[in-house]
Amino acid sequence: MPASALAASPRKFVRLLGPTSTGWPRRISEDRLLSDHIVPTSELDPLPVTAADRRDFETILCTTAAQVVLSRPRRDGEGRLLGKSPLLRGQPEARYVRRNRRPAHAMSETDRLVARPADFGGYAQALSATACWQDWQRPTITAHDGLVRGDHPAVLAALERPQSASSLAKLLRNPLGFTWTYALGIRAPETAEEALVLDARQSGILLHDTLDHAVRLLEGEGSLARARPDQVVAAIEAGAATVTARWQAEQATPPLVVWRRTLEDAKQIALNALQYPESPLADQKSYTEVPFGGQAAKSDGAIPWDPATPVAIAGTGFQISGYIDRLDLSGDAARARVLDYKGGKLPPKPVVLQGGKELQRCLYAYAVKALLGDDIDIDAALLYPRETEARHLDAPADVLEELAGHLRAARASLVAGRALIGPDNGGDYDDLSFALPANAPNGYCLRKLEPARAALGDAAIVWEAI
């Protein structure tokens with residue numbers, strides 16, 4: 001109960017918590033609305049909170065029959081030292097009680113085990129924790145580094161689900177994270193704080209939504225390939241207005257000044273993307289956010305195939321699904337261009353698979369060929385609208401064959417029970433870093449990465465792919 005209530009209802013035994021220099025007695029925190037020369041403080045507040053706290057403290061000391069224990073913390077929640085309350089002057093000398101002390105009386109089974117380390121050391125949980133900690137320090141792969149039994153049903157179920165480009169990239173570069181996410185269902189906790197700016201993921205969604213609306217508007221008015229520059233600008237403005245209204249109605253947005261700047265940036269990037277000088281295809285039709293492999297359509301726009309049709313990568317055991325950012329298709333469906341928008345920086349050198357990170361171009365080109373026929377000529381590219389440059393994929397069929405080999409090796413390794421770390425573990429974009437040992441990038445990952453590479457064998461070759 002609060003001290004004010006305790007002063008009015010004496011007890012035989014009392015423990016007072018928190019008498020620190022910042023906690024008790026409390027200080028007046030509000031600024032006065034009336035100055036002292038207008039209304040004196042003694043008339044406006046005849047019993048200030050500080051005086052009330054001192055009075056309650058003296059009352060409690062006088063009315064408690066048997067024992068009063070005064071207990072204060074030495075540090076606050078952020079680790080700063082706290083001074084003792086002035087109310088403690090004249091009280092007996094303080095006795096420091098440490099958190100790891102042996103309790104005189106066990107209130108629970110946990111207290112008993114803490115008081116008797118030898119008893120706790122014999123528990124299976126303690127033995128397992130000790131063995132885990134010791135294994136984490138060894139520069140070899142142990143049972144506590146991701147080794148599971150072969151053909152584990154949870155792993156098999158995770159591999160049988162339709163995969164996306166991001167899940168396959170996680171399988172190739174982070175087998176442990178793939179297992180945690182898709183076999184065990186572990187997800188990173190969502191922060192309750194509202195950021196002042198959109199993060200990279202939210203900025204990408206905003207850009208894709210704007211482009212989706214703009215392209216559908218231009219296709220409804222004729223064709224994106226034949227649209228005039230002023231029509232493209234008008235379509236982007238209309239698309240941005242629609243997206244802005246929906247975002248503001250459905251979720252929190254940054255402060256107005258930041259939000260306006262974010263929208264202007266998204267509109268400029270969208271304009272760069274739609275005005276990039278790609279050669280138009282004959283009687284070109286353009287589609288955006290095109291679903292495949294069982295994904296549901298995000299809008300009522302036209303789709304060049306049945307999105308429920310499964311797409312399987314031959315010889316790998318994987319089915320894929322997802323959304324193609326933009327698909328340009330010739331009128332006779334003999335040629336197609338797949339564009340994947342990248343809102344980040346342009347890599348200094350051309351990349352193909354980029355160590356297993358870059359799979360979209362290859363997988364989306366394969367999906368188009370699987371759904372529209374093997375005779376179609378496909379051009380797949382990454383478009384960086386911030387830099388107004390596109391990186392086209394040479395020989396998509398050869399790259400897919402190489403990727404299929406890496407996927408087979410990764411699948412066989414995981415089925416065999418090697419859910420080990422990879423180069424993406426503990427990095428800036430690893431959303432499951434919290435599940436790794438503390439300071440993993442500078443300790444655990446450094447010790448375990450090379451042994452993991454050796455244990456994975458062929459499944460780790462993709463890490464060196466350009």
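Listed conditions (1) out of contact with any helix residue (DSSP H, G or I) (no Cβ under 6 Å at 6 or more places or on another chain); (2) under 30 Å from Leu159 (Cβ atoms); (3) surrounded by 12 or more Cβ atoms within 10 Å (Cβ to Cβ); (4) charged (D, E, K, R) are all met by Asp265, apart from (2). Scanning for something part of a helix (DSSP H, G or I), out of contact with any helix residue (DSSP H, G or I) (no Cβ under 9 Å at 6 or more places or on another chain) and at pLDDT 85 or above, does segment 115-125 turn up at least one residue? Among the residues of segment 115-125, at least one is part of a helix (DSSP H, G or I), out of contact with any helix residue (DSSP H, G or I) (no Cβ under 9 Å at 6 or more places or on another chain) and at pLDDT 85 or above, which makes the answer yes.
Residues considered: Leu184, Leu127, Leu113. Of these, the only one that is assigned by TED's automatic domain parsing to the domain that holds Val415 and not charged (D, E, K, R) is Leu184. Screening the candidates Glu250, Glu221 for the property of being charged (D, E, K, R), under 31 Å from the mean Cα position of the chain (by Cα) and at pLDDT below 95 yields one hit, Glu250.
Checked against (1) exposed (fewer than 15 other Cβ atoms within 10 Å of the Cβ); (2) touching a residue at least 24 places away in the same chain (Cβ under 8 Å), Gly177 passes all but condition (1). Looking at Ala336, is it within 23 Å of Tyr364 (Cβ to Cβ), outside any loop (DSSP other than H, G, I, E, B), modelled with pLDDT of 95 or more and of a type in the set (Gly, Ala, Ser)? Spelling it out, Ala336 is indeed within 23 Å of Tyr364 (Cβ to Cβ), outside any loop (DSSP other than H, G, I, E, B), modelled with pLDDT of 95 or more and of a type in the set (Gly, Ala, Ser). Evaluating Pro350 against the criteria (1) in a helix (DSSP H, G or I); (2) out of contact with any Gly (no Cβ under 9 Å at 6 or more places or on another chain) leaves one unmet condition, (1).
Is it true that some residue in segment 317-338 is more than 27 Å from Leu207 (Cα to Cα) and buried (at least 19 other Cβ atoms within 10 Å of the Cβ)? Yes, segment 317-338 contains a residue that is more than 27 Å from Leu207 (Cα to Cα) and buried (at least 19 other Cβ atoms within 10 Å of the Cβ).
Is there a residue in segment 61-82 that is at pLDDT 85 or above, surrounded by 14 or more Cβ atoms within 10 Å (Cβ to Cβ), under 30 Å from Ala7 (Cβ atoms) and among the charged types (D, E, K, R)? Yes, segment 61-82 contains a residue that is at pLDDT 85 or above, surrounded by 14 or more Cβ atoms within 10 Å (Cβ to Cβ), under 30 Å from Ala7 (Cβ atoms) and among the charged types (D, E, K, R).
For segment 408-432, a residue qualifies if it is crowded, with 23+ Cβ neighbours inside 10 Å and assigned to a helix (DSSP H, G or I), and the qualifying residues are Ala410, Leu414.
With respect to the conditions (1) buried (at least 18 other Cβ atoms within 10 Å of the Cβ); (2) at pLDDT below 95, Pro350 falls short on a single one, namely (1). Taking the residues in segment 83-116 that are in contact with a Lys or Arg (Cβ under 9 Å, 6 or more places away or on another chain) and more than 30 Å from Arg55 (Cβ to Cβ) as candidates, determine which candidate is surrounded by the most Cβ atoms within 10 Å (Cβ to Cβ). Once the filter is applied, the top-ranked residue is Val114. Evaluating Gly222 against the criteria (1) farther than 30 Å from Asp431 by Cβ; (2) touching a Phe, Trp or Tyr at 6+ places or on another chain (Cβ under 8 Å) leaves one unmet condition, (2).
The values are calculated or read from the model by the stated rules, or taken from the named source; none is laboratory data. Quick caveat: nothing in here was measured; it's all calculated off a predicted structure. Glycine also receives a Cβ, built like all others from the backbone with ideal geometry; neighbour counts cover every protein chain displayed.
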